2 protein chains.
Amino acid sequence: MHDFDQAIAMEPQADGTFIGHTSPAYANMVGPFGGISAAQMLNAVLVHPQRLGDPVSLTINFAAALAPGSFVVAARAARTNRSTQHWIIEVLQGGETVLTGTVFTAQRRETWSVDEDAMPICPPPDQVPGGEGPIPMEWIKRYEMRPVAGAMPKVWDGSGDSSLTQLWVRDNPPRPLDFASLTALADTFFPRVFVRRATLVPIGTVTMTIYFHADQSQLQASGTGYLMGQARAQAFRNGYFDHTAQLWNEAGVLLATTHQVVYYKN
Amino acid sequence: MHDFDQAIAMEPQADGTFIGHTSPAYANMVGPFGGISAAQMLNAVLVHPQRLGDPVSLTINFAAALAPGSFVVAARAARTNRSTQHWIIEVLQGGETVLTGTVFTAQRRETWSVDEDAMPICPPPDQVPGGEGPIPMEWIKRYEMRPVAGAMPKVWDGSGDSSLTQLWVRDNPPRPLDFASLTALADTFFPRVFVRRATLVPIGTVTMTIYFHADQSQLQASGTGYLMGQARAQAFRNGYFDHTAQLWNEAGVLLATTHQVVYYKN
């Protein structure tokens, strides 16, 4: 069983909630890798007996660091329409809220479609060497990352001038792409402030939103291939910066767009 | 009293909820202008006696069209930390959920800051003539819009090739900028699919997220001036498209970044 599948497993409870467990394989500096928390939250909706359709959007708010161990996921379909559904989700430990979120699902129909954001032109993954994380962390070992531009600085000398990163990324070991793994992959970008400033400062993501453009067939077509991920900050201001990011498959199909706000110190 | 202040007024109830009312001045094709709903949702947090700090992010999900009349806003501080707070908000009519959302607030401290996204170079507002909406709607009269690029097509002939819009926008009549009005302004972009396709199709926003980079002093400094708004779709795919957008004040300070997903037919 892949570490990822073990990490996102949900045990249904009699009261309609789920029990999940933090995963040592996806540990971050403090608490879990945010992407695995987001995937766990989404998975509670994916395995929910009342779910209608596939995810179109997800927002997760990181209210507190999860302690190692189990947690409760309370996912409620606040509104179910003919072909769409709105979920409110809370993750609790010891009766205290640690994560909040909303998910929008829909049955999609084929329509006129176009990708306005094209994949950046860059060498194929097998021609790009692997990169390194800013700090050794367990979750980073669960991903293969090959930065094309905006890799982690080799020297922390305050010399950065752009926060743009482009990289090939996939699960390690490879695993066929699905909504849950795409969710986690959307959070694999290292903090933009590290790239922009070539300086290590304390950080923590406070909120992340993912828009899923891919449907099941486009995820399946992506298989175990790499995704091209691109992320760039828009503003760093008084303790919080944002980033906007895109994820394409190797064929250049835009699978997801994502945004987040990250706390930083100094 | 400005129509906007009347529209976002919240009446506190004994059970901790608020009663709000839809505003004929901000009516859309079906139900209210989404921006006014977002401002109402945010205002329930802003006037809440338990609020800590200023808004950093807001996500609103449009679950159903509001019927004209009153609604209940239930805003709950799911988690309060030392200097941050996480809110879960539901708006109900007749006991049914019509909007869901989350808000993150924080006490901000001065830090190293930089805007990575610069305001586009464009003529000042007084040199740009006013533009027209795609369809006559009441809420459009509440805004002064001066498109610099990507105005509504004059002819609906399917000739579009980019969804980029840049425009000067402010309340009409002018009103000093605050978090609530910035929230509504973040939703004033006409549907990207109209611009990209030069074709009118049925649409409806399903989710919107706003990141507030501005603090109180930067909002005050913006006064009743125009904002430069820029919006661009990233993908149109099988019934849903997204857009990513930025709002600067006339001095070129990035006040907010925002994203949304919009349903479209055909």
Check your understanding: What is the residue count in the range A:77-101 for residues that are more than 7 Å from chain B (Cβ to nearest Cβ), of a type in the set (A, V, I, L, M) and under 17 Å from A:Leu46 (Cβ atoms)?
Key -> 4
Check your understanding: In the range A:122-148, which residue that is out of contact with any strand residue (DSSP E or B) (no Cβ under 7 Å at 6 or more places or on another chain) and of a type in the set (Asp, Glu) is nearest to the other protein chains (Cβ to nearest Cβ)?
Key -> A:Glu132
Check your understanding: Can A:Ala7 be described as of a type in the set (A, V, I, L, M), at negative phi and part of a helix (DSSP H, G or I)?
Key -> yes
Review point. Out of all the residues in the range B:102-121, is one or more more than 24 Å from B:Leu185 (Cβ to Cβ), among the hydroxyl-bearing types (Ser, Thr, Tyr) and within 13 Å of chain A (Cβ to nearest Cβ)?
Key: yes
Study note, to complete from the structure: Of A:Asp178, A:Asp187, the only residue that is among the acidic types (Asp, Glu) and either over 11 Å from the mean Cα position of the chain (by Cα) or farther than 20 Å from A:Ala65 by Cα (or both) is A:Asp178
Check your understanding: Looking at the range B:49-64, which of the residues that are among the aliphatic types (A, V, I, L, M) and crowded, with 17+ Cβ neighbours inside 10 Å is nearest to the other protein chains (Cβ to nearest Cβ)?
Key -> B:Ala63
Check your understanding: Can you name every residue in the range B:10-48 that is on the phi > 0 side of the Ramachandran plot and under 18 Å from the mean Cα position of the chain (by Cα)?
Key -> B:Gly31
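Among the candidates B:Pro49, B:Pro68, which residue alone is touching a Pro at 6+ places or on another chain (Cβ under 9 Å) and within 29 Å of B:Pro202 (Cβ to Cβ)? Outline the logic, then answer.
Working: B:Pro49 fails: within 29 Å of B:Pro202 (Cβ to Cβ).
The unique qualifying residue is B:Pro68.
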Point to revise | Residues of the range B:207-262 satisfying the condition of being facing chain A (nearest Cβ under 10 Å), assigned to a loop (DSSP other than H, G, I, E, B) and either among the aromatic types (Phe, Trp, Tyr) or in contact (Cβ under 8 Å) with a residue 12 or more places away in the chain (or both) | key: B:His213, B:Ala214, B:Asp215, B:Gly239, B:Val253
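Quick note: the coordinates plus some simple rules give every number you see, no bench work behind them. Being a predicted model, the structure only gives us computed values, none of them experimental. Here the Cβ is made from the backbone with ideal geometry for all residues, glycine too, and neighbour counts use every protein chain on show.
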